[in-house]
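Here the structure is laid out as structure tokens; the discussion comes afterwards.
What follows draws every value from the coordinates through simple rules; no lab data is involved. Everything numeric here is computed off the predicted structure, so don't read it as measured data. Glycine also receives a Cβ, built like all others from the backbone with ideal geometry; neighbour counts cover every protein chain displayed.
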Amino acid sequence: MKLEKIFYWLPRILSVLFIVFISMFALDVFEEAKWFLALLIHLIPSFILIILTVIAWKNEKLGGMTLIIVGVFSLIYFRFESLIISIPIIVIGMLFWSRKYFFKKKYY
């Protein structure tokens, strides 16, 4: 039971921490004239990750696969230069997805 709780909460906590980490990169826009528009543009990856995390929170299998696909797509799209962004997304997606196979019953 204890291991099941860990595998339930670990991808959720890591996902929220990763969204906070990505959002910190948007804090450099306050020196610009149109800082609010620049902030919204810089927060687009965070908004996408929030939507994917909500999907994964509701449906772990679908959300996990979606996170893995987004991570692999970002690896290919950025020509393997953004490993610090793509690898955590893939790992979090694998954690969401793999919990369905290790533990058959749901934990709430």
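Using a cutoff of 8 angstrom between alpha carbon atoms and counting only pairs six or more residues apart, the relative contact order for the stretch 2-102 works out to 30 percent.
Extension gain, Glu4 to Ile50: 0.36 nm times the residue separation minus the Cα-Cα distance gives 14.2 nm.
Which helices, taking whole DSSP H runs in the chain, have alpha carbons extending 30 angstrom or more along the helix axis plus mean Kyte-Doolittle at least -0.5?
Details: long enough: 2-23 (31 Å, 1.31).
Membrane-span-like by this criterion, though nothing is claimed about a membrane: 2-23.
Set the Förster radius R0 to 30 Å, insert the Cβ-Cβ distance between Phe30 and Phe80 as r into 1/(1 + (r/R0)^6), and round the FRET efficiency to 0.05.
Details: r = 32 Å, r/R0 = 1.06.
That gives a FRET efficiency of 0.40.
So for the chain, what percent of the C-alpha to C-alpha distances run longer than 20 Å? Could the numbers behind the result be given before it?
Values: 2549 of 5778 pairs.
Within the chain, distances greater than 20 Å cover 44 percent of Cα pairs.
The modelled label-to-label distance for the pair Ile69/Ile13, using points 7 Å beyond Cα in the direction of Cβ, is 3.0 nm.
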